[in-house]
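S.K.: Sharing a structure with you now.
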C-alpha cells in the first residue's frame with residue numbers, strides 16, 4: 001500500500017486560477033494593440049468610402065461600398081471561426097487506437113502461461129473466419145480478415161512475426177478474453193484498468209474501467225488491439241519482458257531537489273513480478289524474428305541492424321495508425337504514428353513524413369519501425385552486443401497437457417482409442433490413398449493441440465488417388 005500524504009504546491013488545480021503575472025500583462029497588451037489596429041483599420045475603411053465613390057476610375061456606388069464593408073466583416077468572422085477550429089483540431093492530443101499486431105503479444109503470453117509453447121503449431125483459418133467469440137452487438141459472427149495469404153499452419157513464433165489475425169482470434173478462443181486483458185495490464189498497460197469506460201451511446205464516463213468492460217463483454221477484438229493505447233506503457237511492456245518479467249513504473253523523474261538544495265525522496269509504486277522469468281525470456285525469443293523475416297525486416301536492413309532484438313509491429317485495417325515496439329537487453333522503446341485529427345484519415349508513407357491520403361499504405365514496418373531502428377542504432381553504437389536471454393524449455397514445447405501423440409500409420413480404431421485416452425475429441429475424414437484401408441495417413445493438429453481442440457484424422461480409403469490428366473489432354477484450345 002502506497003503511503004498517502006499531503007503535498008503543498010503553488011500550482012492551482014485550474015490554469016485559469018493562476019495568480020496575476022507578467023504573462024497576463026503580455027496578453028492584455030497584445031490584445032490591446034490588436035484591438036487598436038483593428039479599430040484603425042475599420043476607421044480607414046470608412047474614411048476612404050467617399051473617395052472610392054468620387055474616383056473617376058472606380059466610381060463605386062453606395063451599394064458596392066456597403067457590399068465591400070460587409071465582405072470585410074464576414075471575412076473577419078469566418079476567419080476567426082476557421083482558425084479557431086484549426087487551433088482546436090491541431091492543438092488537441094487524444095488517446096488513440098492502434099489496431100492489429102502489438103496486442104497479439106498479450107494473447108501469446110497468456111497462451112504460454114496456460115501451457116502452450118512458442119513452437120506450438122497454430123491453425124491459421126483463411127480470411128473470413130467466423131469465430132464463435134468474435135461477435136457483433138446482435139450476436140452474429142464478424143468475419144475476421146487477414147492482411148495477406150498465409151499457410152494453413154505455422155508456429156506461434158512465426159505467427160508473432162507475421163501477424164495472421166485469424167490464428168490469434170482462434171487462439172483467444174482457448175485463452176479466453178478476460179485472461180488476455182489481465183495479462184496486458186500485468187505487463188504494463190495499467191491505464192486500461194484505471195481509465196473509465198466511456199459509454200458510446202451517452203458519451204459519458206461510467207464507473208467501470210476499459211479493462212473491466214472488455215472482460216465483462218468478452219470483447220474478442222481486444223487481441224487485435226482496439227483499445228486506447230499509451231505509447232509510454234507500450235514501451236514499458238517491452239521493458240517488463242526484458243527485465244525477466246518484472247514490472248516497474250515508467251517514471252521520467254530521476255531526482256527531486258527541495259528549496260533547501262537537499263534531495264527529496266520520490267514516492268512511487270513499487271515493482272512487482274508480472275510473469276514468470278522463464279515466460280518473459282521465452283516471449284523475447286518468440287518476438288525475435290520480426291527484424292529478420294518479419295514485417296520490420298526492411299527497416300532493420302536500412303540501418304544495418306546487427307543486434308539481437310525482439311519486436312512487434314501493428315497496423316490499423318484502414319491504415320490510420322501504425323506502431324512498433326522493440327526491445328534490446330539494454331533498453332526498450334515504442335513508436336506510434338497516427339492521425340490525431342477529429343476525423344482521422346488513412347496515412348500514406350512515402351519518401352518523406354507520413355501524410356493523410358485517400359487509401360493509406362502505412363504499416364508498422366514502415367515509419368514506426370524505421371523511427372525505432374533509426375533512433376536505437378546510434379544510441380547503441382559503441383556498446384557491447386548483448387544476446388537475448390535463453391528461453392525456458394517449459395515454454396518452448398509447452399506443458400504435457402498441450403501435447404498429442406502421433407497416430408499416423410496406425411489403424412483408425414487404434415488411433416481413436418489412443419487420442420480418446422488423452423481426453424481428445426476425434427473427427428474422421430476419408431481420403432484416397434495407397435495405404436491399406438482404415439490406416440491413418442494424416443492428422444491435424446500434430447505435436448500440440450489446444451486443450452479441448454478436436455483432432456482431425458485423415459483415413460485411407462484403400463483406393464489409389466486418380467491420376468491427373470496428362471498435359472495437353474482434353475479440349476485444349478491453345479489459350
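S.K.: Taking the mean number of other Cβ atoms within 10 Å as a proxy for protection, how do you rank 172-179, 239-246 from highest to lowest?
M.R.: Those peptides, ordered most packed to least, come out 239-246, 172-179.
S.K.: Cα gyration tensor of segment 90-211, axes a ≥ b ≥ c as square roots of the eigenvalues: rounded (a/c below 1.5), prolate (a/b > b/c) or oblate?
M.R.: prolate
S.K.: Extending each Cα 7 Å along its Cβ direction at residue 331 and residue 292, get the distance between those two points in nm, one decimal.
M.R.: With each label placed 7 Å out from Cα toward Cβ, I get 2.5 nm.
S.K.: Next question. Please rank 373, 355, 197, fewest neighbouring Cβ atoms within 10 Å first, as an exposure proxy.
M.R.: The fewest-first ordering by Cβ neighbours comes to 355, 197, 373.
S.K.: Quick check: from the Cα gyration tensor, does segment 189-324 come out rounded (a/c under 1.5), prolate or oblate?
M.R.: It is oblate, given that a/c is not under 1.5 and a/b is not larger than b/c.
S.K.: Could you give the nm distance between label points at residue 269 and residue 386, where each point is 7 Å from its Cα heading toward the beta carbon?
M.R.: About 2.4 nm, to one decimal.
S.K.: Could you please rank 29, 121, 440, 198, placing first whichever residue has the fewest other Cβ atoms within 10 Å of its Cβ?
M.R.: Going from sparsest to densest Cβ surroundings: 29, 198, 121, 440.
S.K.: Ranking 324, 168 by Cβ neighbours within 10 Å, fewest first, what do you get?
M.R.: Fewest to most other Cβ atoms nearby, the residues stand as 168, 324.
S.K.: Report for segment 403-460 the percent antiparallel among DSSP-assigned beta bridges with both residues inside it, nearest 5.
M.R.: In segment 403-460, approximately 50 percent of DSSP beta bridges are antiparallel ones.
S.K.: Could you work out how much longer the chain between residue 43 and residue 343 gets when fully extended? Use 0.36 nm per residue separation minus the Cα distance between them, nm to one decimal.
M.R.: Gain on stretching residue 43 to residue 343: 103.9 nm.
S.K.: Suppose we keep just the alpha-carbon trace of segment 403-460; what are its Rg and Dmax in angstrom?
M.R.: That works out to 10.5, 33 Å for Rg and Dmax.
S.K.: A further question on this structure: Indicate the gyration tensor shape class of segment 373-414 (rounded, prolate or oblate), computed on the Cα atoms with a ≥ b ≥ c the square roots of the eigenvalues: a/c under 1.5 is rounded; otherwise a/b larger than b/c is prolate and the rest oblate.
M.R.: The shape class here is prolate.
The numbers here are math on the coordinates, done by the rules we state, and not lab data. Worth saying up front: this structure is predicted, and the values here are computed from it rather than measured. Counting neighbours? That spans all protein chains shown, and the Cβs are built from the backbone with ideal geometry, glycine included.
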